[in-house]
Amino acid sequence: MTDTTESSNILSLNLVVIRSPDAEQSAAFYRCLGLEFARHRHGNGPEHFAAELPGGVFEIYPLSPDASPTSGTRIGFSVISVDRAIEAIIGYPNSVVSAPKESEWGRRAVVADPDGHRIELIEKTQPKRE
């Protein structure tokens with residue numbers, strides 16, 4: 001971790017934008033994971049999907065011919081239940097990249113959206129009391 005001192009001006013990440021050749025299909029996938037989207041348009045820009053999350057906004061824009069794809073972007077969400085999240089996307093074949101298992105960060109799985117973005121799902125487990 002980096003020391004947060006007066007020299008740092010970054011407080012938190014507040015926006016993640018991905019691009020999709022089929023933004024509607026992509027939004028449907030993320031809805032299965034529990035995101036709630038509203039359609040937005042800023043000025044003359046394209047209509048896109050925006051989900052407000054604690055601490056920031058997750059947006060899906062249509063992939064225009066002159067834009068670079070974002071499929072190499074890895075995304076992470078904390079979820080209440082990794083197993084329920086996996087069950088919710090059962091209708092998307094081959095979406096599970098790494099099956100749920102315990103890790104040092106909690107129960108974890110990696111899935112892929114219809115455009116190939118990898119999504120890490122983490123379920124924070126409560127520390128065991130002795």
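Table for the structure above
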{"item": "Farthest toward positive dipole pole in segment 64-130 [+1 Lys/Arg, -1 Asp/Glu at C-beta], among ILE75, HIS117, PRO100", "result": "PRO100"}
{"item": "Estimated vicinal HN-Hα couplings, Hz - segment 28-40 in sequence order (Karplus 6.51, -1.76, 1.60; Gly, Pro = x)", "result": "4, 4, 5, 4, 4, 7, x, 6, 10, 9, 10, 7, 10"}
{"item": "Scaled radius of gyration (Cα, divided by 2.2 N^0.38 Å) that segment 72-128 gives", "result": "1.09"}
{"item": "5 angstrom amide H check on LEU53, placed H, neighbours 5+ away", "result": "PHE58"}
{"item": "Residue among ASP115, ASP66, ASP22 with the largest mean-square fluctuation in a Gaussian network model of the chain, springs linking Cα atoms under 10 Å", "result": "ASP66"}
{"item": "Residues THR70, THR125, sorted so that the one with the fewest Cβ neighbours within 10 Å comes first", "result": "THR125, THR70"}
{"item": "Residues TYR61, TYR92, sorted so that the one with the fewest Cβ neighbours within 10 Å comes first", "result": "TYR92, TYR61"}
{"item": "Per-residue HN-Hα couplings for segment 98-109 [Karplus 6.51, -1.76, 1.60; θ = phi - 60°; Hz; x = Gly/Pro]", "result": "9, 4, x, 7, 6, 9, 5, 9, x, 5, 9, 8"}
{"item": "Environment charge at LEU33 (Cβ cut-off 12 Å; Lys +1, Arg +1, Asp -1, Glu -1)", "result": "-2"}
{"item": "Relative contact order [Cα under 8 Å, 6+ residues apart], segment 64-119, whole percent", "result": "39"}
{"item": "Unit charges at the beta carbon, dipole of the chain: most positive-side option, GLN25, PHE49, ILE90", "result": "ILE90"}
{"item": "Amide H contacts of VAL17 (H built 1.01 Å from N, under 5 Å, at least 5 apart or other chain)", "result": "GLU59"}
{"item": "Relative contact order (%) - criterion: Cα under 8 Å, at least six apart; region: segment 7-130", "result": "24"}
{"item": "Volume of the Cα convex hull of the chain, divided per residue and given in Å³", "result": "157"}
{"item": "Of SER26, SER78, SER95, the one that fluctuates the most in a GNM where the chain has Cα springs shorter than 10 Å", "result": "SER78"}
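Computed from the coordinates by the stated procedures, all read-outs in this text should not be read as laboratory data. Computed from a predicted structure; not experimentally measured. Quick reminder, even Gly has a Cβ in these numbers, built from the backbone with ideal geometry, and neighbours come from all protein chains shown.
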